[in-house]
Amino acid sequence: MKKLKFPKDFLWGTATSAYQVEGGIGNSDWSKVYPAGLACNHYNLYEKDFDLIKKLNQNAYRFSIEWSRIEPEEGKFDKREIEHYRRYLQSLKARKITTIVTLHHFTNPLWLAKIGGWANKKVVFYFSRFANRVFDEYKDLVDFWITINEPLIYGSISYLERRWPPKKRNPILFLKTLRNQITCHKKIYEIFHKSKNNFQIGIVKHNSYFEPFNSKSPLDRFNAKVYRYFWNEYFLNRIKNHLDFVGLNYYSRDKVGIKFPFQKGSENEGKWSDIGWEIYPEGIYHVLKGLKKYNLPIYITENGLADAKDKLRKDFIKNHLYWVHKAIEEGVDVKGYFHWSLMDNFEWEKGFDPRFGLIEIDYKTLERKIRPSALFYAKICKENALILCRD
Ligand code: GCO
C-alpha cells in the first residue's frame, strides 16, 4: 500500500455551471435554442445538494452565477435573484465550503446576444458592470473569482464551429470575441483588486495534451507545437500579469497532424468515455508541467468523464490524481482539484444523455443517487491522500 499525500489545505471539490444544473433559465441565449427545462432543479434543491457535498467530504464548490437572472434587461438588476444567490452563498459558507464563483460560463442574457454578444465591443462595459455589481453584493462570501470559463472553447464553438449560440462561422467575430475577453478579464481583475477584501481572481483555461499524430513526421511535430502555443498558451500569455491563479480544465489528449487515411489505425489508442473522448491520465501531468512557467498557483477546475454506468470513473479519478501528485512532487504548485461534475447535468448541445456526475440524477423524479465512484472520491477528500493498493 502506498499513500500519496496532497499538500496541506488542498481544495477538494466538484464543479457545475448554472445553465447546466439550475433549471428555469428562460432568458438566456441558450434558452430557446437548446432549452434545459428544469435541468436538475438545483435552483430550488441547492440545500440538499450542499448537504451531499458535505457528506462526500468535499471542502470546496465551483459554480456559476447566471447573468440573465441577475440582469434580465440591460441595466435592470433583479433584487429577488440577487437575494437568491446571497442565500445560496450563505448556505455554502454555513457548511464551511470554500466558494469559487464563475462569472461567465458560456450563457448570456438575451439582450446582450441581440446586440452581437461577445463580438460587440460594448460587452466590455456590460460584463464589467455585471461583474462589479456581483462583486459588491457578494464580496464577503466568495473566496475565488473566475472571470471567464474556457474563453477559447466558447469563442471557437460559438463563432467558428457554429454549434453554440449564435451559431456563426465568422473568424472576424471570433477574433473580436477573443480581444473582448482579454480586455474584460484584465479590466475586472483591476476593478476587483481595488478592494481590500481577501480573495483571488483568475481564469479557467481548457488545455489539452497535444501530441503529433505521427511522431516521426516533422510536420506533425510542428503542428502539435502550434496547437500547444495557440490553444494552451496564447490567452494566458496575454493576461499573465492579471492573474492570481490559473484554473485548468483537463479532459483529454489530442493527436494533431496532417492525417492521411492510412495512418488512421494509430490514432488515440486508450480507453474512451461514453461520448468518445480518449481517457489519457498522463496528459494532465504534461499539461501541468507546461503551466509551471507562469509561476502561479494552479487549481484543476474541471476533470471528468461521461460514464453512465460508472464503470471507468473510479480509475479515471485515481489515475489522474496519480499524475497530478507526480507533477506536485516535481514542483508544480497545484492547490486544488474539482471533479466535473457534482451531478449529471445538461451537457450543452448534447443534452442530458452524457452522464458526468458523481451523483446520478433521475430526470423524471429529480432524485439524487450517489454513485460508487463518489464514495471513492470522498475517501480521497477525507484523507487528503490517494491510497494505492497493490492489486
Ligand atoms: C466545458 C465546460 C463544462 C462541460 C464539461 C464537460 O468544458 O465545456 O466547462 O460546462 O460540461 O467540460 O464537457
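Quick note: the coordinates plus some simple rules give every number you see, no bench work behind them. Computed from a predicted structure; not experimentally measured. For neighbour counting, all protein chains shown are included, and Cβ atoms are generated from backbone atoms with ideal geometry for every residue, glycine included.
A few remarks follow.
- Cleavage-rule hits (trypsin sites (Lys or Arg not before Pro)) in the range 35-120: DSSP loop, at most 10 neighbouring Cβ within 10 angstrom: LYS96
- For the chain, taking the reciprocal of the average inverse distance between every pair of different Cα atoms yields a Kirkwood hydrodynamic radius of 21.4 Å.
- Rounded to 5, the percent of DSSP beta bridges in the chain classed as antiparallel: 25 percent
- Sites matching trypsin sites (Lys or Arg not before Pro) across the range 345-390 that sit in DSSP coil, with at most 10 neighbouring C-beta atoms within 10 Å: LYS364, ARG390
- In sequence order, calculated HN-Hα J values of the range 246-258 (Karplus, 6.51, -1.76, 1.60; Hz; x Gly/Pro): 10, x, 10, 9, 10, 10, 7, 9, 10, 8, 10, x, 8
- The range 299-336: trypsin sites (Lys or Arg not before Pro) in DSSP coil with no more than 13 other Cβ atoms inside 10 Å: LYS309, LYS311
- Among the listed pairs LYS225/LYS311; LYS271/LYS379; LYS5/LYS350; LYS32/LYS314, those beyond 30 Å (Cα-Cα): LYS225/LYS311; LYS5/LYS350; LYS32/LYS314
- Overall form of the range 62-112 per C-alpha gyration tensor (a/c, 1.5; a/b vs b/c): oblate
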